[in-house]
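Report on one structure; see the data block that follows.
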Amino acid sequence: MLGEYPIKGRRAADISASIERAVSAGELEPGQLLPPMRELAERLGVNPNTVAAAYRTLRERGVIETDGRRGSRVRSKPATTGREFIRVEVPEGVRDAAAGNPDTALLPPLAPAFAWAAARGDREPVLYGHEPVDPELRRVAREELDADAVPAGPVAVTSGSLDAIERVLAAHLKPGDTVAVEDPGWGSLLDLVPALGLRPAPVGVDDDGPLPEDVARALAAGARALIVTDRAQNPTGAAVSATRARALRDVLREHPRTLLIEDDHGHRIVDLPLHPLAGVTRHWAFVRSAAKAYGPDLRIAVLTGDDLTLDRVRGRQRLGPGWVSRITQRALVRLWADGAVDTRAVAAAYGGRRDALIAALAERGVSAHGRSGMNVWVPVPDETGAVARLLQAGWAVAPGARFRIGSPPGIRITVSTLTEGEAGRLADAVAAAVRPAPGRGYV
């Protein structure tokens with residue numbers, strides 16, 4: 001059952017840690033069955049309740065799952081290993097279209113903004129007990145949120161979108177609760193949900209965002225939260241349209257206790273209008289990250305939401321990191337004030353690269369999706385084979401398994417640095433690696 005790996009420990013914490021280390025190292029594989037609790041307790045010489053507590057901890061951390069009499073087994077995509085391990089190693093000489101990074105040529109220089117922010121910090125040092133959110137950042141962020149019809153609410157600053165989402169989920173949910181998530185969707189988020197002890201409920205996606213009927217089904221089945229990517233959805237490039245937003249709001253009105261979380265990480269790299277859903281449910285949060293427009297290493301996002309949610313997030317933040325560096329906050333304000341990113345130009349650059357690849361694929365009989373952002377999603381019948389054949393042809397793409405729960409196979413192609421002359425060559429390679437599959441898209 002366990003091969004050569006021995007589970008060790010006398011305390012529940014030691015037993016769970018032993019299993020988790022084995023999963024992380026690949027010594028216990030996804031889907032592998034664990035011993036029945038009484039059997040393992042006898043083997044270790046401990047009380048069965050001790051093993052039960054260890055298994056409970058592992059379930060809450062998203063490492064294992066239990067199916068009644070069928071026993072406990074390592075999850076098919078355990079949180080311990082993370083989806084980032086489902087990746088393609090890019091050999092020398094192979095073109096990388098898998099990483100998901102923005103084009104560095106479209107990122108603004110950070111040195112002037114940080115020099116300005118640091119100089120101001122020298123004049124006005126931020127000390128313990130000072131306001132955690134820079135007043136100017138709060139003002140500018142709130143003005144932009146108002147312009148996009150995001151409901152009024154207090155503003156917090158977090159270390160990126162995922163940090164914000166984790167804090168909001170922890171503020172309202174408990175282990176065992178269900179969260180409706182996009183499928184395909186952001187791999188890091190699909191890792192985070194089970195790592196918090198929460199259960200993901202997959203919701204299908206098309207070019208206009210989450211499918212209302214899937215959302216309605218998930219919420220009716222008991223999902224307590226819904227996470228939606230408004231624009232530049234990863235990996236499909238979906239963007240919530242006005243019509244889809246109305247339909248989703250109608251669904252949410254039927255479930256006003258749902259915790260709604262919206263992620264607008266496409267802010268300033270997408271020129272499609274925002275159609276927010278917030279304002280229908282009692283508790284909600286809306287987060288904007290600076291990563292795609294200004295660089296992943298900036299690690300900053302602006303968060304707003306209802307009063308209770310933001311109060312809980314800020315209270316817990318005070319007990320942890322305290323605040324996000326005010327120097328970083330001021331640098332972001334400076335970047336915004338200087339117009340360091342020309343949204344239309346950046347959106348046009350990414351849009352042109354997406355459209356060129358999608359058109360080239362269509363000419364070769366391959367359907368693909370990418371309404372916004374820097375990624376193109378290509379449904380394929382054989383994901384592993386397609387990735388391998390493309391690698392042999394000199395192209396690295398991301399396997400869809402990093403982004404899927406139950407949706408059909410696909411590959412994600414990042415077009416952020418695709419040059420004008422490469423679209424045709426890449427389309428040739430994709431067409432040779434896959435055959436179009438029938439169906440209604442990638443839902």
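Rule-based calculations on the coordinates, nothing more; no lab input. Predicted, not measured: the structure shown is a model, and the values here were computed from it. Methodologically, a virtual Cβ is constructed for each residue, glycine included, from the backbone with ideal geometry; neighbour enumeration extends over all protein chains shown.
Tabulated values for the structure
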| item | result |
| --- | --- |
| Segments 162-168, 93-99 sorted - mean Cβ within 10 Å per residue, highest first | 162-168, 93-99 |
| Beta bridges by DSSP in the chain, antiparallel share as percent, to the nearest 5 | 55 |
| Given charges at Cβ of Lys, Arg, Asp, Glu: the chain dipole, positive-most of L192, I19, W336 | I19 |
| Unit charges on C-beta of K, R, D, E only; dipole of the range 12-74, Debye | 180 |
| Other-chain or far-sequence residues with amide H under 5 Å of T178's (modelled H) | R199, R224 |
| Extension gain, A115 back to D342 (0.36 nm per residue minus Cα-Cα distance, nm) | 79.6 nm |
| Where labels lie 7 Å past Cα in the beta-carbon direction, separation of R217 and L319 in nm | 3.9 |
| Total charge dipole magnitude, the range 111-337, about the Cα centre, Cβ charges on Lys, Arg, Asp, Glu only, Debye to nearest 20 | 700 |
| Highest to lowest packing among 197-204, 275-282, scored as the average C-beta count within 10 Å | 197-204, 275-282 |
| Magnitude of the charge dipole, the range 314-443, Cβ model with Lys/Arg +1 and Asp/Glu -1, debye to 20 | 840 |
| Gain in span if fully extended, A25 to D311, counting 0.36 nm per residue against the direct Cα distance | 99.1 nm |
| Rounded, prolate or oblate (a/c below 1.5 giving rounded, otherwise prolate when a/b exceeds b/c) for the chain by Cα gyration tensor | oblate |
